Amino acid sequence: MSAPTGDPVQAPTTELFHAALDMAQAAKAGNVSGWLASRYSCGRFDDVAFLMSQMLGVLIENGAIARGVHPADAWNELREQGVDEFG
């Protein structure tokens, strides 16, 4: 597996950002074929995975702050509650 090429969040391309959004939307809808089509559309698998991880981290921490919870506590809550309680 290769390392991401640069920092996709410091200089995200429109292509990476749209691929990440399309993948997330398809996954949330349970659309596996749409997710796969979006994943393969940009061809930069490691970069889009890294960007999506950073985007998820931002959403988790912003959600914690909006709930009045310290971001570090939100990460711990998610680990303790597990995947069944996520979302």
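Radius of gyration over Kirkwood radius for the chain, both on Cα atoms: the Rg/Rh ratio is 1.02. Among the trypsin sites (Lys or Arg not before Pro) within the stretch 18-87, those in coil by DSSP and having at most 15 neighbouring Cβ atoms inside 10 Å are 67. For the chain, build the charge dipole from Cβ charges (+1 Lys, Arg; -1 Asp, Glu) around the Cα centre, then report which of 53, 66, 27 sits farthest towards its positive end. Comparing the listed Cα positions along the dipole, 27 ranks first. Subtracting the Cα-Cα distance of residue 78 and residue 36 from their residue separation scaled by 0.36 nm leaves 12.4 nm.
Length gained on full extension, residue 29 to residue 56: 8.0 nm, using 0.36 nm per residue less the C-alpha separation. The distance between label points at residue 67 and residue 85 comes to 0.9 nm (points 7 Å beyond Cα on the Cα→Cβ vector). Under the membrane-span-like helix rule (DSSP H runs whose alpha carbons stretch at least 20 Å along the helix axis, mean Kyte-Doolittle hydropathy -1.0 or higher), the chain yields 14-29, 45-66.
Under the criterion of Cα pairs below 8 Å and six or more residues apart, the relative contact order for the stretch 14-85 equals 25 percent.
We did not get these values from a lab; they are worked out from the coordinates using the rules stated. Only a predicted model underlies this, so the values are computations on that prediction, with no experimental measurement involved. Heads up, the Cβs are rebuilt from the backbone with ideal geometry, glycines too, and the neighbour counts pull from every protein chain shown.
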